[in-house]
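The values are calculated or read from the model by the stated rules, or taken from the named source; none is laboratory data. Source: prediction; values computed, not measured. Don't worry about glycine lacking a Cβ; one is built from the backbone with ideal geometry, like all the others, and counts go over all protein chains shown. Protein only, heavy atoms only, side chains kept; ligands, DNA and RNA dropped before computing areas. Shrake-Rupley method; radii C 1.70, N 1.55, O 1.52, S 1.80 Å.
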Amino acid sequence: MKVTADKLAAAVQKKLPQVIWLTGDEPLQMQEAGDLIRKTARQQSLDEREVYEAGGNFAWKQLLEATASLSLFGDSKLVEVRLNSNKPGKEGSEVIQQLCKESSKTPDVLLFSSPKLDAAQQKSAWYKAVDQAGLIVQIWPLDASRLPGWINQRFQQAGIQAEAAAVQLLSEKVEGNLLAASQEIEKLRLFVESGQTLTADQLISLIEDASRYSLFDLADACLEGKTDRAVKIFYGLQGEGTEAPLLLWALTREIRQTGKLLHHLKEGLPFDSICKQLAIWDRRKPLYRKASQRLKLKQTHQLLLLAQQADQAIKGSGEPLQELLLQLVVGFASGKV
């Protein structure tokens, strides 16, 4: 069965399905969906948890052994499998189908997470097996029309009353980056008094007071090609305690968008038409124009590979995270990858 992220809580409230698959490229919603399932698992007495990182050399058959063996205390457990690709391969496909087929025979709950699944994957045998045996949670980025409603809801959850103009302003600033929106709202909680209605003017002032630099400043400096400023902002954000996953997401998002822009330009499409298709706001067109004149499509691919290394470092690969993030900032801003 397929559900969207906003329907997940209701779908797992009574009992967790034996197989759950989270798929999407929106990190905050993916994180919160995973947290919800882990919390529900604990509430339903699945206290033991095993986590597997399913990379290119992953031995899929170990999952069969994990679910076949009793847990340390003889209780059921949550088995998490995190895929870094939306293609599990031949062995992975076979194991997933077998796990789905035998899911009713084990007390364990399997939680898979992967990037967004394309149309081809949704026609695969393993996908159909998961759909039949359990729950597939499809997590999509919010479009511009739904973002203000989401932000207003987060304001309310944070105990902040905000006027419509303030909600719209923050929507325009984050441009779909839910992690950035969530971070800004958490900061605002420290400054907005109970019973106070947040106005647009107050929002601008408070954001400036709460942080010397923002993720928007970092993204803009990289797009514009201002390497020294980008590095300065990068160190400033780190000094303010901005977490590495958020920094990486902000950079990767703009690199992907630039890559899409360059791809369409290579096809001969007009710049303004591409910006409309990619939902690039008018005030940011000059920044993307500069980036498209400085970078080549091959360089955006190289930057994304570097971003992947940084992501693995965040997950504990042992590579120097600080150095990788700095290389990403410099490479994106200067075009020297």
Top-ranked residue of segment 8-58 - restricted to ones that are at pLDDT 90 or above, over 20 Å from Ser103 (Cα atoms) and among the charged types (D, E, K, R), ranked as nearest to the chain's Cα centre (by Cα) = Glu32
task = Identify all residues within segment 160-178 that are open to solvent by less than 40 Å² (accessible area, probe 1.4 Å) and modelled with pLDDT under 85; write none if there are none.
result = Val174, Glu175, Gly176, Asn177
ask   = Of the numbered conditions (1) among the small types (Gly, Ala, Ser); (2) surrounded by fewer than 19 Cβ atoms within 10 Å (Cβ to Cβ); (3) modelled with pLDDT of 95 or more, Gly335 satisfies every one except a single condition; which is it?
value = (3)
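I'd like the full set of residues that are under 26 Å from Lys290 (Cβ atoms) and crowded, with 18+ Cβ neighbours inside 10 Å, limited to segment 199-216. Full working, then the answer.
So the first thing to find is which residues in segment 199-216 are under 26 Å from Lys290 (Cβ atoms), and the list is 204, 207-208, 211-216.
Within segment 199-216, Ile207, Ser211, Tyr213, Ser214, Leu215, Phe216 meet the criteria.
Could you list all residues from segment 85-106 that are open to solvent by 90 Å² or more (accessible area, probe 1.4 Å) and modelled with pLDDT of 90 or more? Spell out the reasoning first.
Our first condition is that a residue be open to solvent by 90 Å² or more (accessible area, probe 1.4 Å); within segment 85-106, this holds for 87, 90, 94, 101, 104-105.
Correct list: Lys90, Glu94, Lys101.
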request  = Counting only residues that are in contact with a Lys or Arg (Cβ under 9 Å, 6 or more places away or on another chain), give me the helices (runs of 4 or more DSSP H) lying completely in segment 242-337 with at least 3 of them.
outcome  = 271-277, 297-314, 321-334
query = With Asp143, Asp228, Asp220 as the choices, which residue is open to solvent by 30 Å² or more (accessible area, probe 1.4 Å), among the acidic types (Asp, Glu), under 22 Å from the mean Cα position of the chain (by Cα) and at pLDDT 90 or above?
reply = Asp220
ask   = Restricted to segment 266-285, and to residues that are in contact (Cβ under 8 Å) with a residue 24 or more places away in the chain and of a type outside the set (A, V, I, L, M, F, W, C), which residue is least open to solvent (accessible area, probe 1.4 Å)?
value = Arg284
ask   = Out of the residues in segment 5-62 that are touching a residue at least 60 places away in the same chain (Cβ under 8 Å) and in a strand (DSSP E or B), which is farthest from Val81 (Cα to Cα)?
value = Gly24
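Out of the residues in segment 1-37 meeting the condition of being among the acidic types (Asp, Glu) and open to solvent by 40 Å² or more (accessible area, probe 1.4 Å), tell me which one is farthest from Val51 (Cα to Cα). Explain how you work it out, then say what you get.
Step one: of segment 1-37, the residues among the acidic types (Asp, Glu) are 6, 25-26, 32, 35.
The next check asks that each one be open to solvent by 40 Å² or more (accessible area, probe 1.4 Å); those that pass are 6, 25, 32, 35.
Details: Asp6: 25, Asp25: 20, Glu32: 17, Asp35: 14 Å.
The residue in question is Asp6.
If you take the residues of segment 63-73 that are assigned to a helix (DSSP H, G or I), open to solvent by less than 30 Å² (accessible area, probe 1.4 Å) and modelled with pLDDT under 85, which of them is farthest from Val109 (Cα to Cα)?
So in segment 63-73, the residues assigned to a helix (DSSP H, G or I) come out as 63-68.
Among the residues that remain, those that are also open to solvent by less than 30 Å² (accessible area, probe 1.4 Å) are: 63, 66-67.
If we keep only those that are modelled with pLDDT under 85 too, we end up with 66-67.
On the way: Ala66: 11, Thr67: 9 Å.
Looking at the filtered set, the residue picked out is Ala66.
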Count of segment 119-140 residues which are touching a residue at least 60 places away in the same chain (Cβ under 8 Å), closer than 12 Å to Lys101 by Cα and open to solvent by 20 Å² or more (accessible area, probe 1.4 Å) = 2
